[in-house]
Amino acid sequence: MNVILMGPPGSGKGTQAANLAERLNVRAVSSGDLFRDHQRRNTELGQLARSYMERGVYVPDDVTIRMVMEWIEEPDHASGFVLDGFPRTQAQAQALDEALADTGGIDRVAFIRVSDEELTRRLGGRIICAACQRPFNLSSSPPSAEGRCDDCGGDLYQRDDDKAEVVARRIEVYNEETQPVVDYYRSSGLLAEVDGEQPVEAVGEALSQALGI
Ligand code: AMP
């Protein structure tokens with residue numbers, strides 16, 4: 001099963017994508033995590049991506065498409081996947097349609113709906129683990145020990161692009177560039193929409209129901 005999980009930044013896509021992938025017994029991939037991994041390894045792509053990410057704008061389509069397509073084409077991912085954070089533009093959606101044309105295409109697209117006000121509140125308090133990427137929230141789900149990941153003991157940090165001035169820009173870019181992609185999947189009849197302002201477990205349940213898994 002090939003699933004796309006869509007939603008604005010801070011809607012909980014990462015957490016839900018990992019849960020869904022486990023239930024479907026496939027792998028999840030986050031384009032943002034792929035970029036952050038390149039940055040940690042200081043690759044050329046990582047350096048290029050950083051200059052866009054720190055401003056809260058999208059990395060150009062050609063490099064983003066190439067990076068995600070390489071992931072999709074790995075033999076381990078042939079049985080299906082959950083895409084988190086891709087596609088985010090109409091060009092990316094088109095490239096994905098073309099790449100999957102011979103192998104059945106996208107089965108379902110789930111969209112997690114959250115208001116701009118709630119996103120701003122959530123992203124402002126978000127800290128993530130540098131080692132395993134697990135997110136925490138200083139107000140709603142703080143770690144047991146300050147600055148330490150509950151799962152792996154890694155250091156927790158605030159992403160540069162979760163700083164207040166960048167968050168506003170990211171939400172704006174999402175509304176301009178990615179909302180039309182949501183509308184595209186809605187008009188194709190593939191979209192299942194869930195309320196992302198419920199507790200994490202309830203969002204997970206709603207997604208399972210919406211996707212019929
Ligand atoms: P995320 O971790 O999904 O919030 O992504 C963090 C940042 O990575 C975004 O603000 C973009 O700068 C970049 N990014 C991630 N996915 C994409 C994509 N599909 N297209 C363009 N830029 C992306």
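Pull up region 24-35, narrow it to residues that are free of Cβ contacts under 8 Å to residues at least 60 places away in the same chain and assigned to a helix (DSSP H, G or I), then point me to the one that is most open to solvent (accessible area, probe 1.4 Å).
LEU34
Taking LEU20 and the conditions (1) within 29 Å of ASP183 (Cβ to Cβ); (2) out of contact with any Phe, Trp or Tyr (no Cβ under 6 Å at 6 or more places or on another chain); (3) open to solvent by less than 10 Å² (accessible area, probe 1.4 Å); (4) within 12 Å of the ligand (Cβ to nearest atom), which numbered condition does it fall short on, given that it satisfies the others?
(4)
Taking the conditions exactly as written (open to solvent by 40 Å² or more (accessible area, probe 1.4 Å) and either assigned to a helix (DSSP H, G or I) or modelled with pLDDT under 95 (or both)), does ALA49 satisfy them or not? Walk me through it before giving the result.
Values: open to solvent by 40 Å² or more (accessible area, probe 1.4 Å): no; either assigned to a helix (DSSP H, G or I) or modelled with pLDDT under 95 (or both): yes.
Spelling it out, it is not the case that ALA49 is open to solvent by 40 Å² or more (accessible area, probe 1.4 Å) and either assigned to a helix (DSSP H, G or I) or modelled with pLDDT under 95 (or both).
Could you please let me know if ASP161 is open to solvent by 10 Å² or more (accessible area, probe 1.4 Å), part of a helix (DSSP H, G or I), of a type in the set (Asp, Glu) and within 13 Å of the ligand (Cβ to nearest atom)? Break it down stepwise before answering.
Numbers: open to solvent by 10 Å² or more (accessible area, probe 1.4 Å): yes; part of a helix (DSSP H, G or I): yes; of a type in the set (Asp, Glu): yes; within 13 Å of the ligand (Cβ to nearest atom): yes.
Criteria met by ASP161.
Where residues in region 36-46 are outside any loop (DSSP other than H, G, I, E, B) and open to solvent by 50 Å² or more (accessible area, probe 1.4 Å), which of them is modelled with the highest pLDDT?
Of all residues in region 36-46, those outside any loop (DSSP other than H, G, I, E, B) come to 36-40, 44-46.
Then drop every residue that is not open to solvent by 50 Å² or more (accessible area, probe 1.4 Å), which leaves 37, 40, 44.
On the way: ASP37: 93, ARG40: 92, GLU44: 96.
Among residues in region 36-46 that are outside any loop (DSSP other than H, G, I, E, B) and open to solvent by 50 Å² or more (accessible area, probe 1.4 Å), the one modelled with the highest pLDDT is GLU44.
Out of the residues in region 73-93 meeting the condition of being part of a helix (DSSP H, G or I) and either open to solvent by less than 20 Å² (accessible area, probe 1.4 Å) or more than 13 Å from the ligand (Cβ to nearest atom) (or both), tell me which one is farthest from MET1 (Cα to Cα).
Restricting attention to region 73-93, the residues satisfying the condition of being part of a helix (DSSP H, G or I) are 75-77, 90-93.
The next check asks that each one be either open to solvent by less than 20 Å² (accessible area, probe 1.4 Å) or more than 13 Å from the ligand (Cβ to nearest atom) (or both); those that pass are 75-77, 92-93.
Details: PRO75: 15, ASP76: 14, HIS77: 11, GLN92: 19, ALA93: 17 Å.
Among those that are part of a helix (DSSP H, G or I) and either open to solvent by less than 20 Å² (accessible area, probe 1.4 Å) or more than 13 Å from the ligand (Cβ to nearest atom) (or both), it is GLN92.
Can you tell me which residue is nearest to ILE171 (Cα to Cα) among those in region 102-144 that are in contact with a Ser or Thr (Cβ under 6 Å, 6 or more places away or on another chain) and among the aliphatic types (A, V, I, L, M)?
Residues of region 102-144 in contact with a Ser or Thr (Cβ under 6 Å, 6 or more places away or on another chain): 112, 114, 125.
From what is left, the residues that are among the aliphatic types (A, V, I, L, M) are 112, 114.
Details: ILE112: 14, VAL114: 11 Å.
Once the filter is applied, the top-ranked residue is VAL114.
The values are calculated or read from the model by the stated rules, or taken from the named source; none is laboratory data. Bear in mind that the values here come from a model prediction, so they are computed numbers and not experimental data. FYI the Cβ positions are ideal-geometry reconstructions off the backbone, even for glycines, and counts take in every protein chain you see. SASA here: full protein model, heavy atoms, side chains in, ligands and nucleic acids out. Shrake-Rupley method; radii C 1.70, N 1.55, O 1.52, S 1.80 Å.
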